[in-house]
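The values are calculated or read from the model by the stated rules, or taken from the named source; none is laboratory data. Remember, predicted model here, so these are calculated numbers, not experimental data. Neighbour counts are summed over all protein chains in view; Cβ atoms, including those assigned to glycine, are modelled from backbone coordinates with ideal geometry.
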Amino acid sequence: MLKVMLTSAVLTISTLLFAQTDSSSYFLKKSLEEKGKGRRMESLKQLEKAYSYNKTSKEVVSELAAAYLDLRRYAQAREKYLQLESFGNATDSTYKQLMLLSFNMRQLDDAIKYATQLKKVSPSAKTAFFIGKAYYDKEDLGNAIKYLDQAAKEDPQNAEVPYMIAKGYAEMQNFKSAIPYFQKAVQLNPTQSYWIYEMALIYYGMNDDQNSLKYMLEAGEKGLKKDNAYMQNLATAYINVGRFNEGVGVLQDILRMRPSDKNVISTIAEAYYNAKKYDEAINYYDELLRMDKQNADALYMIGMSYQKKGDKQKGMALCDKAIEMDPSLKSLKQEKKMPGGY
């Protein structure tokens, strides 16, 4: 009697499993029909029904992963590709999607892991770029540059590779090593105006004022947005190569649009001072004082301007008064600055 009952139970379970598998196949077929008609959302609904009846079908899970990916439902897509991997479906396609999805979802360690797995199952796969990018975003610049150098061999025409290497060196203040990679990146993709602008800032950091201005102008010509930071940097670049009138002209254009911008006024005043145009410098430093009577820096520079003009007594008195306001001015040193640089 017990044997008969067990046999009956097994048959019931088998029948149920068969019915579930049959239902899953039915909805999978309907899904593929809807997919062929371009009805993606309806296709997904049928796929999810198929999955509810059979969660172990590789075909259903594979189609579901692809459908989620197509609809940019990345977290669900990644979950299904992980399920495929757990089924033993360790294919290059599965690992490629896991690599890309992990990177795009900022799961950088997993991106490196799956890129490494992809390389094992498909030695010809180009994975070094993604590993390098992941290490770059993890701020591991040593490994980033190592793998990006490999990526340059895998895909010599990918302009983003030398650009990211350049950025890595720049962030480590190794400007000399950064420049050849910036040049290579711009050579591969001449339309990237911001890359050219960044290269101009790197040249500035190297005190190569001629190249800094050259690439600053080229970036503007190639469509870089000429915002306030760019225009101020351009003005500084002009002044640094001795094209004083052009530089100050740019700054005065900015000042017309931003008449109370203390930074712009200070930059113009400093430019006049460095050009030994002391009366003009005093006028602009006076403007800063009118805006803020406690501006000890401006008062000190007025005193210095008078001394340079030959009125040492008046100049020293003003400097002494500024030092009383701010004792740190006693050791004041002039440094050229370019905002927005590395």
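Quick look at the numbers
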read-out	value
Selection status of Ile165, in a helix (DSSP H, G or I), within 20 Å of the chain's Cα centre (by Cα) and either within 30 Å of Ala235 (Cα to Cα) or small (Gly, Ala, Ser) (or both)	yes
Selection count where residues are at pLDDT below 90, surrounded by 15 or more Cβ atoms within 10 Å (Cβ to Cβ) and part of a loop (DSSP other than H, G, I, E, B), scope region 315-339	2
Matching residues in region 189-231 - criterion: being in a loop (DSSP other than H, G, I, E, B) and either in contact (Cβ under 8 Å) with a residue 40 or more places away in the chain or within 18 Å of the chain's Cα centre (by Cα) (or both)	Asn189, Thr191, Gln192, Leu224, Lys225
